[in-house]
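Structure first, then comments.
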Amino acid sequence: MSLERPDTTDDAALERTPDELEELLGDLVVKRDDHLNAPGFVIRPDTVQETLSTLKEQAGYDHLSVVSAQEYENRYESIYHLKKFDDPTQEVSVVVPADKDDPVSESAEPVFRTADWHEREAYDLIGVEYDDHPDLRRILLPETWQGHPLSMDYDKDRPQIATLPEHANPLQEHHKDSESDTMFLNIGPHHPATHGVLHLKTTLDGEQVVDVEPDIGYLHRCEEQMAQAGTYRHQIMPYPDRWDYISAGLLNEWAYARAAEDLAEIEVPEYAQVIRTMGAEMCRIAAHMLALATFALDVNGDFTATFMYAINDRERVQDLLEDLTGQRLMFNYFRLGGVVWDLPEPREEFFSKTRDFLDQLPESVEEYHNLVTSNEIFQMRTIDTGILPPEVAKNYGATGPVARGSGVDYDLRRDDPYGYYDELDWDVVTEDGCDNFSRLLVRMREVEESAKIIEQCVDLLEDWPEEERNIQANVPRTLRPDDDAEIYRAVEAAKGELGIYIRSDGTDKPARFKIRSPCFSNLQTLPEMANGEYIPDVIAALGSLDIVLGEVDR
Amino acid sequence: MSSDQPFITDESQVVTETRDARMTGQGDRFNSRLREAFGSSPFILTKFDKFLNWCRGSSMFMLQFGIACCSIEMMHTYAVKHDLDRFGSGVPRASPRQADVMIVPGTIVSKFAPRMKRVYDQMPEPKFVVGMGSCTISGGPFQEGYNVIKGAEEVIPIDIHVPGCPPRPEALVYGVVKLQERVANGEAAPVTVKPYELEEFSDLERDELVDKLADQIDEDELVMRYNFADSP
């Protein structure tokens, strides 16, 4: 079956029991602190690099999903959630406590490049300091911000000052000789090609990019604080829609639903899972259509053709989603334990509308291939530009179409199955080009795979016996998961691995709610793809990453 | 032209007529049906201001300005199906210096507010602002956020608020058309209650915070000071 992974005989792919791992780490482990999803090892703050490199080199844990930091009454804590790209069900958490008065722990950046931004974020919001970190500054908040907003003693009413700095050339000192000719170029935060409010500090040498530094935080809307202030049952669910707002709402809701359902041990009825799967794939199509539209806009500058065509197809999907959920963009359709309501009546009409859409989709995709991918100018702009080798992609924790465009065969829908995906027949799309073109091609082919999934779901739903249409499990009115239960769960969103870490404290609100955003990690790869290339290729590379700033900044 | 000739093979007649019309300045190429509707008089009588406002309202250039979720619905408003251009206001301009109207489509956070103020200042007068979505009204679902400005009106004046999270494209179209009506009627924006201003750091009132940041920020750097305690 297509869903099975190719056989690997590599030693690193061997699954080890928690006890074997503890033996491997030996004296590094201070004690065990298991999470619901993975064994957790508490280590000393000065052995982070040693522990992580042992796990990476000898046990094959090559994917640092996220670093979640938090403050307790008596300590700070950073948790490194590790996985394997080859088998993401093998997880391990490395827990690093830090002193309450002087929270310093060693940086993981030399082992995993992706830790760079994650640790900066932890420093910014929580206040943990990382020794040996190359560039520990604030990342989401203005650099002049006072206090760390997710720490315990933060006063959110205090006045703050934000600056509008004049940007100096960051490489000036190194390029003072008369021969070099560098120029500083600000792209964004208000610029049509940055897909929102991203700011790129770019240094050019002639027409070539010497250095590009993404400056984010222009849409940091305190999503984690909002989730921590809401109750599990109903108050958190509206927010995921607003992380990745490119119509990927149901995919995001699923991330929260999955984490919270596993935390509270809620079983979702099969019928609801099929509806979820269908809705989520519709969202994926809508999201990829916009990615295609804006990418064509960035690269071809062809506002009237491809953009309008893709938006037209998006409108059709949005119509279907509106029929299903009642909203065009912010669906708020999932509930813990199921979905909020059944398919719209009359069901036949909905099914035939969906089928009509699926029937015309191959023709549309063909049209996009004629318009975009077989366009010679487009090919010149995208083939062999923005190269991201697979090893670099893994090191940065890139996931989703970005990783799959570099040949990394990683898709949580297959590798860590949830919903109804493992019962359906579909393929994971990968391309080996590692360039801008491959990433676009992956998205376009994924649209076709999504259509296959939707079609099978529609068939299933059509034949579902009327008395078994159970859309919600029985969930208590107030959810209070066990005290100090911790879980990290991820789903495959439109942009990649979207994960949620929740720590409960026995109340009806999460004590810590951490979002692992795929775009945050994917955007980190931009300098790797852009440095040394021409300036138009930076824009193409950025477009092919398909970031959405609501999710980068959260 | 004789009737036994089924189609024109000689185009010279058409060419000659067009050329003559251009050379002599005669012909009725410029006279539209609208002109005919006015009847025999080539003059209309109106106030200059009224005429100019009518022109302004009928041809608005939007600023291409995306912030958050609402910008996705804004794109749909510009694109096929909803097509804001039908109302004479659908051509987004990439530069604020060429734009009349700014749609503020999303949540304003502390880091972005100075930038938005700068973009607004760069637009030539007369300029108008449509606040799109709940976030520009009050901060919307993120109002409690430590970093969120409680409404765009704390930074710039807003002419029309379109509620919704996000508003449907139809709602935005309605808001823009309402703005056009207001502009055509010559109604100005209300004065904002409490704008956060961009000012030089040295002009700030000295207090504990300013003293603390004095060694980090240059005297002439532009800053925006937020008083979150006074926000609604």
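The values are calculated or read from the model by the stated rules, or taken from the named source; none is laboratory data. All of these numbers come straight from a predicted model, not from anything done at the bench. In this analysis, Cβ positions are derived from the backbone assuming ideal geometry, glycine residues included, and neighbour counts consider all displayed protein chains.
Assorted remarks:
- Leading residue by the ranking (nearest to A:Pro134 (Cα to Cα)) among those in the stretch A:210-228 that are more than 9 Å from chain B (Cβ to nearest Cβ) and in contact with a Phe, Trp or Tyr (Cβ under 6 Å, 6 or more places away or on another chain): A:Glu224
- Residues that are assigned by TED's automatic domain parsing to the domain that holds A:Thr47, touching a helix residue (DSSP H, G or I) at 6+ places or on another chain (Cβ under 9 Å) and among the basic types (Lys, Arg), drawn from the stretch A:103-142: A:Arg113
- Single unsatisfied condition, B:Ala188 versus (1) free of Cβ contacts under 8 Å to residues at least 40 places away in the same chain; (2) farther than 25 Å from A:Gly249 by Cβ; (3) outside any loop (DSSP other than H, G, I, E, B); (4) of a type in the set (A, V, I, L, M, F, W, C): (3)
- Residue within the stretch A:30-40 that is modelled with pLDDT of 90 or more, in a strand (DSSP E or B) and buried (at least 19 other Cβ atoms within 10 Å of the Cβ) present: no
- Extreme residue, farthest from A:Thr114 (Cα to Cα), among residues of the stretch A:373-395 that are part of a helix (DSSP H, G or I) and without any contact (Cβ under 8 Å) to a residue 40 or more places away in the chain: A:Glu376
- Residue in the stretch B:43-61 that is in contact with a strand residue (DSSP E or B) (Cβ under 8 Å, 6 or more places away or on another chain) and either at pLDDT below 85 or surrounded by 10 or more Cβ atoms within 10 Å (Cβ to Cβ) (or both) present: yes
- Residue in the stretch A:490-501 that is closer than 15 Å to A:Gln228 by Cα, crowded, with 19+ Cβ neighbours inside 10 Å, modelled with pLDDT of 90 or more and in the same structural domain as A:Gly543 (by TED's automatic domain parsing) present: yes
- Filter result for B:Glu144 (within 15 Å of the chain's Cα centre (by Cα) and either at pLDDT 90 or above or not in a strand (DSSP E or B) (or both)): no
- Subset of the stretch B:124-140 [within 13 Å of another protein chain (Cβ to nearest Cβ) and touching a Lys or Arg at 6+ places or on another chain (Cβ under 7 Å)]: B:Gly139
- Sole residue being surrounded by 20 or more Cβ atoms within 10 Å (Cβ to Cβ) and closer than 27 Å to A:His220 by Cβ, chosen from B:Phe128, B:Phe142: B:Phe142
- Restricting A:Ser438, A:Ser406 to those that are outside any helix (DSSP H, G or I), assigned by TED's automatic domain parsing to the domain that holds A:Gln379 and surrounded by 24 or more Cβ atoms within 10 Å (Cβ to Cβ) reduces the list to A:Ser406.
- Condition check for A:Leu52: in a helix (DSSP H, G or I) and surrounded by fewer than 17 Cβ atoms within 10 Å (Cβ to Cβ): no
- Residue within the stretch A:362-375 that is of a type in the set (A, V, I, L, M, F, W, C) and at pLDDT below 90 present: yes
- Condition check for B:Ile108 on (1) farther than 20 Å from A:Pro192 by Cβ; (2) among the hydrophobic types (A, V, I, L, M, F, W, C); (3) within 14 Å of chain A (Cβ to nearest Cβ): one failure, at (1).
- The residue list A:Leu343, A:Leu324 contains one member that is in a helix (DSSP H, G or I) and either outside the structural domain of A:Tyr245 (by TED's automatic domain parsing) or farther than 25 Å from A:Ile539 by Cβ (or both), which is A:Leu324.
- The set of residues in the stretch A:229-251 being away from every other protein chain (no Cβ under 12 Å) and either β-branched (Val, Ile, Thr) or part of a helix (DSSP H, G or I) (or both) consists of A:Thr231, A:Leu250, A:Leu251.
- Selected residue [part of a helix (DSSP H, G or I), facing chain B (nearest Cβ under 10 Å) and hydroxyl-bearing (Ser, Thr, Tyr)] from A:Thr294, A:Thr306, A:Thr277: A:Thr294
- Here A:Met330 meets each of (1) part of a loop (DSSP other than H, G, I, E, B); (2) out of contact with any Phe, Trp or Tyr (no Cβ under 8 Å at 6 or more places or on another chain) with one exception, condition (2).
- Residue match in the stretch A:85-93 (condition: more than 20 Å from A:Glu391 (Cα to Cα) and in a strand (DSSP E or B)): yes
- Residue list for the stretch A:513-554, filter: over 18 Å from the mean Cα position of the chain (by Cα), of a type outside the set (Asp, Glu) and either surrounded by fewer than 24 Cβ atoms within 10 Å (Cβ to Cβ) or within 26 Å of B:Ile108 (Cβ to Cβ) (or both): A:Pro527, A:Asn531, A:Gly532, A:Tyr534, A:Ile535, A:Pro536, A:Ile539
- Search result, residues across the stretch B:37-66 that are within 14 Å of chain A (Cβ to nearest Cβ) and out of contact with any Lys or Arg (no Cβ under 9 Å at 6 or more places or on another chain): B:Phe65, B:Gly66
- The residue pairs whose first member lies in the stretch A:496-521 and is free of Cβ contacts under 8 Å to residues at least 60 places away in the same chain, whose second member is of a type in the set (A, V, I, L, M), and whose beta carbons are closer than 7 Å, counting only pairs six or more residues apart or on different chains, are A:Asp505/A:Ala511.
- The single condition among (1) over 15 Å from B:Gly106 (Cβ atoms); (2) in a loop (DSSP other than H, G, I, E, B); (3) modelled with pLDDT of 90 or more that A:Glu224 does not satisfy is (2).
- Residues (more than 7 Å from chain A (Cβ to nearest Cβ), assigned to a loop (DSSP other than H, G, I, E, B), crowded, with 19+ Cβ neighbours inside 10 Å and not acidic (Asp, Glu)) located in the stretch B:67-105: B:His82, B:Ser89, B:Ala99, B:Pro105
- Matching residues in the stretch A:188-202 - criterion: being in contact with a Leu (Cβ under 9 Å, 6 or more places away or on another chain), at pLDDT 85 or above and more than 8 Å from chain B (Cβ to nearest Cβ): A:Leu198, A:Leu200, A:Lys201, A:Thr202
- Given (1) touching a Ser or Thr at 6+ places or on another chain (Cβ under 7 Å); (2) within 16 Å of B:Ile72 (Cα to Cα); (3) within 12 Å of another protein chain (Cβ to nearest Cβ), index of the condition B:Val148 fails: (2)
- Consider the stretch A:484-512 and keep the residues that are among the aliphatic types (A, V, I, L, M) and in a strand (DSSP E or B). The one that is nearest to the chain's Cα centre (by Cα) is A:Leu498.
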